[in-house]
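Read through the structure below, which is laid out as structure tokens, and then see the notes.
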Amino acid sequence: SNDPLARQRFGAVRDARLHYARLDVSIPPGHREGRIEWPDKTEADPARHFTVADSELYSGPAPWLAAIDDQQPPGGEDVVLFVPGYNTTHARAVYRTAQIAEDFDAPQPIIAYSWPSAGMPGRYVYDRDSVIFARDGLEELLRNLTRGDDRRVTIVAHSMGSQLVMETLRQISIAGDRQTLSQVSAVALLSPDIDEDVFLAQARRIDPFPQPFVLMVSARDRVLELAAWLVGRPSRLGSIEDPGRLAGLPVTVVDLTGLGEGGLPGGHSTAFTAPAAIALIRDMAPAD
């Protein structure tokens, strides 16, 4: 393929070192909201497919942060950090980030934390272990993003990426790093693949607790049904049956059950594939 992501150097292999890169993704003119127009196996055509138009790998965080600042709109300092979920290859993480940036009309830079998912449906346990492995890298990234200036970070996590975010915020809080936590301006967990009891325990240790904090759930999430079966529990947080269990937490629960699936089966990606859900989330975004 002539798509650089087809020759990606990042994948399921766990690397203790963070790598910082910029990828410019071309969106085809006929792009349909909520979709990723995947390149063909033999050829990527910018007129029809998502393609990487340009890329750069940086030597470390300093030149990468400078590149982010160059992309900021006038007077802007916020960034969005997207943490993908289970069964997400590096290519899928990159293209999903580009799709979110396009469909949600995000004016600020969007960053993907691409953790080492196996990218295979049968490697659920491997991905759960990779979440534990990836906590320190996400902590390092958040500290780099918030160090030394007024940059604020909105975190958007999907599926198992929500577990990674909660674990990382918890360990930042336990370390006493209130400065980093105070610069997390909002958190949205989409279809969070977290045990409800674990989420409650995690939330109790996070201080200050980011605000606003939104959970987007669906009773029709078939992927979370399978995850619950695998771990021997009746449900996961993303398909919570009794939101009253979260009473006392400063959390907003948004039920996406009736908003369709955006053409994808299972209801696990409704938040960023169903046009009605995309419109709802855009309406929730604060005005500039």
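A short reminder: the numbers here are calculations on the coordinates, not readings from a lab. Quick caveat: nothing in here was measured; it's all calculated off a predicted structure. Note that we place each Cβ from the backbone using ideal geometry, even for glycine, and neighbour counts take in every protein chain shown.
So between E43 and D197, what do we pick up on full extension, going 0.36 nm a residue minus the alpha carbon distance?
Using 0.36 nm per residue and subtracting the Cα-Cα distance, I get 50.8 nm.
Just flag the trypsin sites (Lys or Arg not before Pro) in the range 68-173 sitting in loop per DSSP whose Cβ has no more than 14 other Cβ atoms within 10 Å.
R147
Can you give me the distance in nm between label points at A67 and R233, each placed 7 Å from the Cα along the Cα-to-Cβ direction?
3.7 nm
Calculate, for D24 and V125, the FRET efficiency according to 1/(1 + (r/R0)^6) with r their C-beta to C-beta distance and R0 30 Å; round to the nearest 0.05.
Once the sixth-power term is evaluated, E becomes 0.30.
Over all alpha-carbon pairs in the chain, figure out the percentage whose distance exceeds 25 Å.
46 percent
Quick one: if you stick a label point 7 Å off each Cα along the C-beta vector at E140 and D105, how many nm between them?
Computed distance between label sites E140 and D105 equals 3.8 nm.
Normalised by the empirical 2.2 N^0.38 Å for globular proteins, what value does the Cα Rg of the range 21-172 take?
Its radius of gyration relative to the 2.2 N^0.38 Å reference: 1.07.
Given the DSSP H assignment, sum -39500 (n - 2.57) over each helix run of at least 4 residues in the chain and divide by its residue total; what's the result at 222 nm in deg cm²/dmol, nearest 500?
It comes out at -10500 deg cm²/dmol, rounded to the nearest 500.
Report the percentage of all Cα-Cα pairs in the range 52-116 whose separation exceeds 18 Å, rounded to a whole percent.
43 percent
Take each of the peptides 79-86, 182-189, 241-248, 226-233, average the number of other beta-carbon atoms within 10 Å over its residues, and list them starting from the highest.
In decreasing order of mean packing, 79-86, 182-189, 241-248, 226-233 become 79-86, 182-189, 226-233, 241-248.
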